[in-house]
Every structure is written in structure tokens, then in C-alpha cells.
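Report on the following structure.
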Amino acid sequence: MLNKALIEDVLNAALTTGGDFSEVFVEDRFTNRMSLQSSKLEKSLSGRDFGVGIRVFKGLNSVYAYTNDFSKEGLLQAANAASQAIQSTPGEHNIVLPLVKQTVNTIHPIHLMPNSVEKTRKLQVLRKADQIVRDYHSSISQAIIGLLEEEQHVLIANSEGTYVEDTRVRSRLVVNAIASNEHDMQTGFYGPGRYQGFEFIEELDLEHYAKEASRIAVTMLHADPAPSGKFPVVIDNEFGGVIFHEACGHGLEAAAVAKNNSVFANKVGEKVASDLVTYIDDGTITNEWGSINIDDEGEKARKNVLIENGILKGYLIDKFNARRMNAESTGSGRRESYKFAPTSRMTNTYIAPGESTPEEIIANTEFGIYAKYMGGGSVNPATGDYNFAVNEAYLVKDGKIDKPIRGATLIGNGAKTIQKVDMVGNNLGHGAGMCGASSGSIPVNVGQPMLRVSEITVGGKEAN
Amino acid sequence: MELLTFRDQLFAEGEKLGFTDLELYYEKQSGFGCQIYKGEIDDYRSSTVNGVSVRGLYNGKMGYAYTEKLDEDSVSFLLDNIKENSSLIEDDPQDLFEGNTNYEKIDFYSTRLSEISIEEKIDFLKKVEKKIYDYDKRVVQTDYAAIQDQLVEKALFNNKGLALQDRNNFLFVVFSVVVKENDEIKSDFYFKLTKDLHSLNPEDIAKEAVEKSLSHLGGKSYSNKTYPVILNNFAASSLLATFSPSFSAKSVQDNQSRLKGKIDHKIASSVVTLVDNPHLPDGIRSGTFDSEGVPTKQLTIVEDGVLKTYFHNLKTANKDGVEPTGHGHKSSYKDSVGVSPSNFYVEPGNKSYEELYAGLEEGIIITSLAGLHSGANPISGDFSLAADGFYVKDGKIVSPTNQMTIAGNFFELMQDIVDVGSDLIFSPMDSYGYIGSPSLTIKGLAVTVD
């Protein structure tokens, strides 16, 4: 994507004012977005992103410059702009030259590159999903079916001798169903995605995903407003894991930990969660949405156990925060694109399965809320206060699932909530999502088996 | 390759291939951002990025593609993809805008802002950060002490002779402060967008940022019920931003807006007037033409509670048989043309924030909302959101509350606005437009306190 001599020149130029680490990240990305609405293909957009990010460290100072002027002059200018911010005594700098290309072990095989497949073939899948949604129920008033495909080619080189290239391919189908009656509209959503090519989209169980999205919209149209108060909450598997993504995952990222800006800082070896909780981040799971071969700093993907049986084991660490923490990278440096400096981020993060069956968990709950499908949420990492929405919820009464409820928002404090996990199921599942933070919006999986938290504050419209 | 060379080559190749209409949208963003942590530069970034998107009519159908790489390969990449995309698109085609003579002559670029040196910006951050630490011993740290400036240049060309250019620059600062007392940790922040760094006083910023954070310490729980609520200017503007897509004719035509069929109907309390002003001197979304080349102008969307118009681009206006309003919008060259407000806000009233809550016998003040991307349904208007704020009794703030949720419906809330404050600010959340509101008093909302 860029020739080696030029990369070496840029790495060198970035260090001329005394920096102790320099890095080049080159990205060439092809994107396709198709969207079917009112049964018509309304959007079909193709694009190419291309740019270069240059990063320099000096101790705990970090500088980032990016550009899509890929001429030699343009790149050296960006490298100089970055180096000018490092005002140190230039000495002999350490740089491993010449660069020697390292092979990246491809652990996520791709069979059909998105750009090799005609768009008419893709359109057929969208139409099929659209039909399933429209046939589901008379109250379905709209279906929006989207296809997102990306081929991202990256080259990462640094002054420590890292010199790697990788291609990431991701595909996602997004089903939005809207159900309406005279006075109301409700939406249902399902968005399966994987680190795979078009083979994933073509082999997808469309019946399942399109019907589930439709069922959520129709069910919520007839749901009562959620009650307010503190209740036991049963959270189902797959995307249910978003609660721990928000409540714990972000607090375990070095970006928060390194500056003591997390409730989990300085607590390795301490009990931070219920004994039932084992929390893992694993970028190596074959072809999962949040998987990677290498992270965006060129480090190999790995499996990081963060919490084991309630005991804090470690954090997610990138190269820069590793300096502040006197630790090593855990292969967790990620970024949306060359427009962002990488920082510590999650990949596929999940709660490991436990012993209970889903039936046992419901049967053991006298009164509470069953959150079947979660929406998104957010957290304030400094305080650990989180919130998230429930897309499909039910009351649980006398050990049985009762009527559907809507508009439930769960709020609480992450550090407290993970201590209140009192049942963990055996049905681990993963769900695809996008996670936004300082290094942009990146694909991540959240996951868990069904589990129960003894008490969460539920905010609804029905104030008791 | 130079932009104009690229344009000429693209239009020439395109016409040769049989394209009838071609449009080239260009955007260049240059920026500098910096973050300080305990006196050290923790993050420093500078950038220059540009890209183009191209629309073309082929066999009477419109296709799109974009690229960030302006080279010869990209000319064929764009034209091939536009051709393939246009053959699949089933949407009604839209002719390109030929342009007219009604463009305002306003330059939103501040030369003074562009002359501020990087050193001066970093010094400013260091000064404020130090004053934050010195202000109160309960300050643990700053979560963010950051400055960012941005220059956006846009150009639009088509093969019918249209050639337009606009530019805008601005700078913002954000200071987020974490405070701790006993075991309670709270944070809040100061945010300001400006074209004039010298108008900001470090002393005042430190005071405001720390006082705001300290004000949340000592949170208490209150009973869960329906309270009169004051959404302060920050909370109100972020809520309006979340539901602003309802005012777009695109949402209306797609059956995704509760405002469908409501033109000339009362959709809000009569104290509410909503204005869109694309020529605000300090507006992020200020410009003289929209993403399709339509001239922009000031517009009243809601007047004394009555809905006067939706936001339109060329296609939605064509469909409704009305004039385009200049709200064709691309979030960047990567996007196709949608519809979006420019600088859109609730017109301020006369009462100060303090006067608003002095009028409450009992109530809740909301100072910030969280979970807007997940806990709000932009179509139905239903929301259930995490919130921070204060409990008010007999016109006085009694204490901060523990984390809360508020639940309601945006369209009902619009009817329930009883008072509009004078303290207009704009939300830093700018993906829906640059959206502002003063503090608003709402008759009642369901509140749950943790």
C-alpha cells in the first residue's frame, strides 16, 4: 500500500525531535451500504477510504497526525507536524531498520470477498428478508433492511520493528421492523454480523432474524408501560451482554485504568464481582464480529481473562497506556480508522457460562423483569454509573413469564451490579454491536448466558 | 491530483460513458486537537483529510459513490460503481440543481481564529487545568481537558455549470472534572464552542466546571412519581436533537414521523417557537448553500406551537410539491443526501434559569441525560432515559438526586411545556444538526430515583 523505503523515511522523520516511538498506520477500505425501504432499494452506496495515521511517543506524551495526502511530501509533512509537538533534545533514536515484513496468521478465513459478488445477488437477500417481515403480521407498517460490507486493508509499521499487513472483512445484515396502529409505532431490530464475507449473508437463517425483529415490534405494540422501582432482573443471552460491556468492560480498559479513572483501578487480585462471574475478552474466536487477527497496533489477537470467579485478573491494554501502567499490551489497541489514534478497546467480550438452565432461572424468580432483548446503553467510566434500554421485556410473576412491558430503562452502578449476579445460565451466546469511544466506533461482540441480577433500578413510565 | 483536474477528468470520462448528469461534492477538513493530563500533553492530533462523493444520472437513474483517494484509478472506481448502483436503485430519480442567484454572501471563516497558535491553545488548557485543581481539594482529576479546532471547506460542482464554495471554522474546549468526597465520586463538565478563544476566561471556566461537579455530591433518593420537571438548557437541547428527525420531510414521507399530516396543527404549547437559522455567525452548520446547492435561508418551523413546515431537500420537496428549504444534507462525502436541520433551536423566552425553578412548589431539575441513542424511540417519541439533577422544594434546590430515569413521550412533552427560559445554548451532540434550547419547564414527567 506504501513502499517500504517511504515507510522507513516517515518513521525516521517522526523521531527527529527526540521521540522514542513512531508508528505508521495505512488504511485502504472499501465499503458497500445497501438499504431497502418500502420494498425499494433506496440506497446503494460504494466508497473507498484511504489515509495514513502517524503516531509518535515521547515518554507519556503522545502525538497523532493523519492525512490522506499520500504523496511523499504529504506524508513527510505530516510526520514533521507530529514530531514538532515533541519538544525534547534530539539524540540518537532507537529504530529497528530495515523493516522486515512479518506474516500475520489468518485465523478468520474469508470465502467470498464482498467486492467479488454482484450487487443483484445481494439485493435478493434483502428482498427475501423484506418479504418475511411484511408477511409476519398485519400491523407491520414498514421494513428497513440494510446490508453493510467492509474490506479493510491495513499496514502497520513501527520503530520497534513491527511491519505487518492484514485484511479485515466484515458483513452485517440489519433488520428493522416497524409495527403501528392508530396511535403508536414500535420498532424491532436484529443485526447479525460476522468477520466474514458474503458467504455469511447468503447462509444466514433469514427466517429467524427477520421474524424475531418483526415479533419484537408487534409484541411491543401491545405492551404495557414498564413499572418503576428496584427488581430482580433476568437478562437473556447474546446481546444481553451489553450490560456488562457498559458496566464492567469499559472500566477494565487501560484508557480508564491508567489514569485511575475507574472503579477497577489497582484492584488486580481482589474480589470485584460475584463468584459466579468470569469475564473474558477474546479476539480470537473464529469469524466473530469483534474478532481480529492483529490489533490496530500490529499486536496478535489473544484471549484475555479479565475476571475469574469474581477475582479481577487483568485489564485490556494498548501500547500507550501500557507505558503509564508499566505493563504490556494485551492486543487490545483498536481504532475506527486512520482518523483515530488507537486506544484500549474490547473485541468479543462475554460472561462465561454457568450451571443453571434458563428454565431454572425464570422458575426461581418470584417477581421481577425478564429482559429478552437489550438495546444500547452508556456508562460514565469515572463513576461507573450506567444506563441501558430494553427492547423487549416482560414481567416475571410466580416463576413464570407474564405480560410484555415497554419503555424499561435499567440504571445502576457497574461495580455494584456485578456483585449482585446471583444466577448464571448455561446458554452462552454472542451478539454483534458497535461500540463508540475515543478511538471511534468499532465492531464488538457482547455475550453472556442468561443470568439474573438480584436488584436493578428500572425506570419506566408507571411511577409507583 | 488537484481537485479541478479530477473534476474535469471525471465529468469528461463520465459523459463519454453516457452519464447525463454528474455532480461532484468535495469536502476538506483540517483540525488540531490536544488534551492535557496533569500538566502534560496526553493527546495531540493534527489532521488534513479530504474526499469527494459523486452522483450521476445514468439511463435516467441516480447512483452514488465516494472516495478519499483522488487519483486516476478512482475516476473509474467511481464511475463503475455509480453505474452498477444506479442500475439497482428503485427510488425516483432526482434532477440535479442548476443553481440560482439567491446565494447570501457570508464568509463564516474567522481569520482571527486561524491565527491562534498551537502554543497559545496548549497554554490555555494548562492554565485552566491548573485552576481546576487549585479551586477545591475535592477535585480528583480532570477526565478531559481538551481543545479542538476545525476548518471545514466545501465545494459543489455539476456538469450543468454549478460551482459553489463555502468554509467555516470553529474551536471548542471541554473540561470534565471528577470530584470525590468520602466514597462518592461525581463528574460534570464545561463545554464551549466559539470563534473567539480570547473571550474565554480560564478563571470562570474552572469555577463553573468544578462547581457543577461539586453540586452533584451528596445525592439523595426521592420517591418515584410524576414531578413537574425543568430540563435545563443542556438537557433540553440534547432531547430536541434526538427527536429532530421527526421534523424532516423524509421521515414524514417514509411513515416514520408522528408529525405526518400535522402542518398548520398545534403540535406544541403556544410558548414554543422553533427556528432554523443557517446564517448564525457561530453556528457549526452555518453555510450559504446545502449539500445539493440549494441556497439556505432562515425558517420558522414551529410558530407559537403551530407546525409551519418540514425540512426539505430537493427530492422531498418535489414529492410534496413545495419549494426546497435548503436542508439537503450529507453528514460527509461518505453519505448520500438526506435531510437535516442546520442551526435549529427553541427561541428563548424572558425568564432566567433561577426564575424558572423559583416558581416550582416541588419538582426535579434535569441537568444531563444519558442513553439518548438507546433509550429514546425517535419514531414513536417514547423515551426512558438516565438523568442527573436536583430536587426542588418551595422554589429552592434542596439537594442533588441519585441517578434517575425520566420517562415520557416527546410529542406529549412539547404540549406540556409551560415556560421557556432565556438561557439558549447549543448541544455538543451535533450529528442531527446544531441544535439548541433554553431551559424548559415541563408540566409533569415520570421520575424514578435510584
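Structure notes:
- For segment A:192-334, diffusion coefficient by Stokes-Einstein and Kirkwood Rh (Cα), 10 °C, 1.306 mPa s, µm²/s: 89
- Shielding by partners for peptide B:380-390, expressed as the average number of C-beta atoms from other protein chains within 10 Å of each residue's C-beta, is 6.
- Take each residue in B:59-72, count the other chain C-beta atoms within 10 Å of its C-beta, and the mean is 4.
- Taking a straight Cα-Cα cut-off under 16 Å and skipping sequence neighbours fewer than 8 places away in the same chain, the aspartates and glutamates within cross-link reach of A:Lys416 are A:Glu246, A:Glu270, A:Asp275, A:Asp385, A:Glu455, B:Asp183, B:Glu184, B:Asp450.
- Neighbours of A:Leu276, meaning other residues whose beta-carbon lies under 11 angstrom from its beta-carbon, give a summed charge of -1 when Lys and Arg score +1 and Asp and Glu score -1.
- Charge sum, other residues only, whose C-beta stays under 12 Å from A:Leu11's C-beta, Lys/Arg counted +1 and Asp/Glu -1: -2
- Among A:Asn105, A:Thr67, A:Ile95 - extreme Cα towards positive end, dipole of segment A:44-119, charges at beta-carbon: A:Asn105
- Applying both filters, DSSP loop and at most 12 other Cβ atoms within 10 Å, to the GluC sites (Glu not before Pro) of segment A:78-164 gives A:Glu92, A:Glu118.
- For the residue pairs A:Lys461/B:Lys262; B:Lys154/B:Lys308; A:Lys58/B:Lys38, the C-alpha atoms sit more than 23 angstrom apart in A:Lys461/B:Lys262; B:Lys154/B:Lys308.
- Spread of Cα-to-Cα distances over 10 Å intervals beginning at zero, given as percent, for segment B:388-450: 17, 40, 39, 3
- Projected area averaged over orientations for segment B:239-381, convex hull of C-alpha atoms, nm²: 10.3
- The ratio of the alpha-carbon radius of gyration of chain B to the globular-protein estimate 2.2 N^0.38 Å is 1.07.
- Listed from fewest to most Cβ neighbours within 10 Å, the set B:Val271, A:Val174 follows the order B:Val271, A:Val174.
- Mean separation of Cα contacts under 8 Å, 6 or more apart, over the residue count of segment B:225-449: relative contact order %: 31
- Length gained when the stretch A:His183-A:Gln152 is fully extended (0.36 nm per residue, less Cα-Cα span): 6.7 nm
- Relative to its Kirkwood radius, the Cα radius of gyration of segment B:339-391 gives an Rg/Rh of 1.05.
- The Kirkwood hydrodynamic radius of segment A:2-60, based on inverse pair distances between different Cα atoms, is 14.5 Å.
- Computed from point charges on the beta carbon alone (+1 for Lys and Arg, -1 for Asp and Glu), the dipole magnitude for chain B about its Cα centre is near 620 Debye.
- Beta bridge orientation in chain A: antiparallel %, DSSP, nearest 5: 90
- Rounded to whole Å, the principal axis extents of the Cα atoms in segment B:83-218 read 66, 39, 24, largest first.
- Computed [θ] at 222 nm, helices only, for chain B once each DSSP H run of length n ≥ 4 contributes -39500 (n - 2.57): -6500 deg cm²/dmol
- Whole-number percent relative contact order across segment A:229-459, with pairs defined as alpha carbons under 8 Å at least 6 apart: 31
- Label point distance in nm, B:Asp73-B:Val398, each placed 7 Å from Cα along Cα→Cβ: 6.7
- Within the straight-line cut-off of under 20 Å between alpha carbons, the lysines reachable from B:Lys61 are A:Lys40, A:Lys43, A:Lys119, A:Lys122, B:Lys16, B:Lys83, B:Lys160, B:Lys250, B:Lys315, B:Lys319, B:Lys330, B:Lys334, sequence neighbours fewer than 8 places apart in one chain being disregarded.
- Farthest positive-ward along chain B dipole, Cα basis, beta-carbon charges - from B:Gly51, B:Ile36, B:Ser399: B:Ser399
- The trypsin sites (Lys or Arg not before Pro) of segment A:79-172 that meet both conditions, a loop assignment by DSSP and at most 12 other Cβ atoms within 10 Å of the site Cβ, are A:Lys101.
- Cut-off 10 Å between beta-carbons: net charge of the residues surrounding B:Asp95, Lys and Arg +1, Asp and Glu -1: 0
- Angle in degrees between helix A:206-221 and the longest Cα principal axis of chain A, rounded to the nearest 10: 60
- Where N is the number of residues in segment B:250-309, Cα Rg divided by 2.2 N^0.38 Å: 1.29
- At R0 = 41 Å, FRET efficiency that the Cβ-Cβ distance of A:Ser138 and B:Ser331 yields, to 0.05: 0.70
- Calculated diffusion of segment A:229-459, Stokes-Einstein form, Kirkwood radius summed over Cα pairs, 25 °C and 0.890 mPa s, µm²/s: 141
- Within the straight-line cut-off of under 23 Å between alpha carbons, the lysines reachable from B:Lys396 are B:Lys186, B:Lys207, B:Lys212, B:Lys220, B:Lys225, B:Lys351, B:Lys443, sequence neighbours fewer than 8 places apart in one chain being disregarded.
- Label separation (B:Glu40 vs A:Leu97): 2.8 nm, computed from points 7 Å beyond Cα along the C-beta direction.
- Ranked by the mean number of other Cβ atoms within 10 Å of their residues, highest first, the peptides A:51-58, A:192-199 come out as A:51-58, A:192-199.
- Using alpha-carbon coordinates, inclination of helix A:72-84 to the longest axis of chain A, degrees: 80
- Helices in chain A, meaning DSSP H runs of at least 4 residues, each add -39500 (n - 2.57). Divided by all residues, the mean residue ellipticity at 222 nm is -5000 deg cm²/dmol.
- Normalised by the number of residues in segment A:277-344, the mean separation of alpha-carbon contacts (under 8 Å, six or more apart) gives a relative contact order of 29 percent.
- Working value for the protein assembly as shown: equivalent-ellipsoid semi-axes of 37, 34, 31 Å, each the square root of 5 times a Cα gyration tensor eigenvalue, largest first.
- Relative pair counts by distance (%), Cα atoms of segment B:171-259, 5 Å bins: 3, 10, 12, 14, 16, 14, 11, 10, 7, 2, 0
- Convex hull volume of the C-alpha atoms in chain A, normalised per residue: 145 Å³.
- Kyte-Doolittle mean at least 0.0 and Cα axial length at least 15 Å: DSSP H helices in chain B: B:233-243
Read-outs throughout are calculated quantities, based only on the coordinates presented, and are distinct from any laboratory measurement. This is a predicted model, so every value here is computed, not measured. Glycine also receives a Cβ, built like all others from the backbone with ideal geometry; neighbour counts cover every protein chain displayed.
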